[in-house]
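To keep things clear, I will list the structure first and then write my remarks on it.
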Amino acid sequence: MRYKFYFLIILFSIISNFAYAKPRCDIFFDKLKNEYAKLSLSESAIFTENSFGFNLATKYIKNLAEILNSGDSSYLKGDIIELKKIIKTNQELRKENKNIIIFDDRLFKVNKSKEGYFRVGKIRNQRLAFLIKPNDLILSVNGKDIRKLDLYNLQSVDGLKILEDMFDEDEEVEIVFQSYDEKGKKFKQKIKLINKEVKYDSPFLDFYIESIDVDEKNGKIDATLRTDFLYTLPDTFPITKLAREVLFYQDNDGTKWFEECIYSIKEWDSIDTIDPNYGIVFKNLISKDNSKFNGEYLIYPLLVGSQEGVSKDELEITFRSKGEYRFKNEFKLHSFPFDRQEVKIHLYQSSYSLGSFEASISPYIDRELGAFAEKNNIQGWNIVDYKADYKTFKPPNYGWYTDGVEVSIMLERKSSYFIFKVIFPILLILLICWSAIWIDPKEIESRLTITIVCLLSLIAYNFVIDSDMPKLEYLTIMDYIILISYIYAAIPNFLSIYSFQLNKKNKVLTSKYESYQKRYGLLSYISIVFLIIIFNASSAPEHTNSFFTWTSMRN
């Protein structure tokens with residue numbers, strides 16, 4: 001009986017310990033809240049490298065496996081040593097395509113102009129942000145043309161070098177840029193820059209588009225977005241060490257595991273610590289539906305490897321959210337309904353200036369954009385192109401630039417609705433209207449009945465379709481077509497009256513006059529419509545549907 005009593009006491013103690021033991025994530029949260037003073041992110045920067053204040057622009061090539069034609073995806077993502085191996089095994093590709101590098105399942109290459117000049121990519125300090133812009137061309141460095149050099153954007157890989165590798169630290173160089181003013185006019189400028197060491201943090205500012213609803217008539221877009229803002233902290237940071245102490249554990253066979261922790265926005269805000277979402281705002285945001293917004297913070301400790309028996313840990317702090325947003329967007333509708341529009345969503349850091357905060361873009365944005373484009377689920381539009389790029393921004397009330405990311409999607413309107421339900425009915429009304437000229441000129445009542453009824457029908461139809469037309473201060477292709485249609489619907493009315501009067505005086509001249517009406521009436525209308533399309537395509541080719549870009553008179 002005594003042994004049973006002791007056994008019950010021991011069993012109760014074990015159950016009580018399990019019942020009251022705090023989860024690792026709760027312990028981590030409490031320690032982080034109480035010991036924040038020694039866990040600050042501002043103690044040191046994460047990265048250190050030499051820079052002239054900008055990076056070279058790059059663009060990615062889709063379908064890496066098809067291009068490499070190797071079928072081998074066993075390399076470590078982002079590992080430079082493995083990337084060198086992959087590049088070496090594709091010598092033929094390297095010979096045919098210079099300036100190609102591989103990063104995280106994507107093939108990237110330096111983005112050059114048609115003439116072979118390197119382009120400016122990410123701008124990294126305040127001084128340059130006032131002088132140059134992304135996509136400016138680099139014409140020369142210290143008077144030398146660098147177009148034939150194998151330059152890369154990130155770091156040296158198998159003979160590919162960054163621009164800074166060509167010069168000594170603290171060396172001053174003179175770079176000639178081809179820039180553009182606000183009107184798009186080219187100009188050259190010489191800028192002296194120093195190859196100096198910079199220290200910075202570079203969090204990922206990824207956001208993914210799940211749906212877009214375009215309201216071009218009101219200059220708005222509604223978008224459902226997911227955000228994925230990520231800080232990756234090395235093992236030198238106290239918060240990473242804390243995560244190793246609390247969140248790592250071993251099972252019975254000695255295998256090392258770790259706990260992932262998820263905290264609400266309210267919980268994370270209460271501890272005033274590293275926040276990937278701090279200061280991040282959307283430009284041109286009109287409203288956010290808070291009832292449909294949810295967000296959380298994910299703490300993800302990761303064992304990335306070891307060196308000489310010493311573990312090297314990293315800690316990922318990610319802010320994830322999903323919500324519905326409404327943005328202002330500039331639409332140029334001169335070519336409506338045969339138009340092409342660019343939808344832009346710009347995210348920027350509002351609290352830290354450029355140089356203190358440097359945003360990064362992961363390849364996941366390209367993947368998500370590609371998947372979204374394949375679905376092509378924007379009602380009334382086709383997705384023809386997309387890109388994610390760095391974007392500096394100068395707030396109107398501050399004298400400095402901030403860093404950020406901009407996703408742009410090029411859309412082409414599906415014009416079949418307007419062709420078959422607007423333009424074709426208008427053309428049909430005009431055909432009926434102009435059919436009156438085949439009636440004998442003496443039958444003036446019949447002619448006028450047809451022409452006036454058609455004109456009134458056209459006016460009534462315009463009221464029906466008016467809700468589909470944007471209200472603008474300028475005329476679109478559709479507006480011109482409707483106005484010309486009004487004029488051509490009224491012309492047969494005047495022609496009928498004139499023919500009736502002329503027929504009383506000179507039947508031969510009337511017959512000749514009538515033949516001209518029948519031959520050139522509708523033909524002139526169709527010709528004028530095409531001239532309208534050609535004129536608008538020439539004045540705004542970048543905003544005209546690809547079906548009509550051949551009409552553009554610009555190169």
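The values are calculated or read from the model by the stated rules, or taken from the named source; none is laboratory data. The model shown is predicted, which means the values in this text are computed figures rather than measured ones. Note that we place each Cβ from the backbone using ideal geometry, even for glycine, and neighbour counts take in every protein chain shown.
For Phe177, the conditions (1) of a type in the set (Phe, Trp, Tyr); (2) at pLDDT 90 or above; (3) closer than 30 Å to Asn277 by Cβ are fulfilled apart from (3). Residues that are on the phi > 0 side of the Ramachandran plot, among the acidic types (Asp, Glu) and not in a strand (DSSP E or B) are absent from region 233-241.
Taking region 499-549, which residues are of a type in the set (A, V, I, L, M, F, W, C), out of contact with any Pro (no Cβ under 7 Å at 6 or more places or on another chain) and within 30 Å of Asp440 (Cβ to Cβ)? Hits for region 499-549 are Leu502, Val508, Leu509, Leu522, Leu523, Ile526, Ile528, Val529. Every condition in (1) in contact (Cβ under 8 Å) with a residue 60 or more places away in the chain; (2) β-branched (Val, Ile, Thr); (3) part of a strand (DSSP E or B) holds for Val246 except the one numbered (3). Of all the numbered requirements in (1) in a strand (DSSP E or B); (2) surrounded by 14 or more Cβ atoms within 10 Å (Cβ to Cβ); (3) free of Cβ contacts under 8 Å to residues at least 60 places away in the same chain, Ile175 misses one, and that requirement is (3). Report yes if Asp213 is surrounded by fewer than 19 Cβ atoms within 10 Å (Cβ to Cβ) and more than 28 Å from Asn277 (Cβ to Cβ), otherwise no. Criteria not met by Asp213. Of note, Val453 does not satisfy the criterion of being assigned to a helix (DSSP H, G or I), in contact (Cβ under 8 Å) with a residue 24 or more places away in the chain and more than 30 Å from Tyr352 (Cβ to Cβ). Within region 445-459, is even one residue buried (at least 17 other Cβ atoms within 10 Å of the Cβ), of a type in the set (Lys, Arg) and either out of contact with any His (no Cβ under 6 Å at 6 or more places or on another chain) or assigned by TED's automatic domain parsing to the domain that holds Phe336 (or both)? Looking through region 445-459, at least one residue is buried (at least 17 other Cβ atoms within 10 Å of the Cβ), of a type in the set (Lys, Arg) and either out of contact with any His (no Cβ under 6 Å at 6 or more places or on another chain) or assigned by TED's automatic domain parsing to the domain that holds Phe336 (or both).
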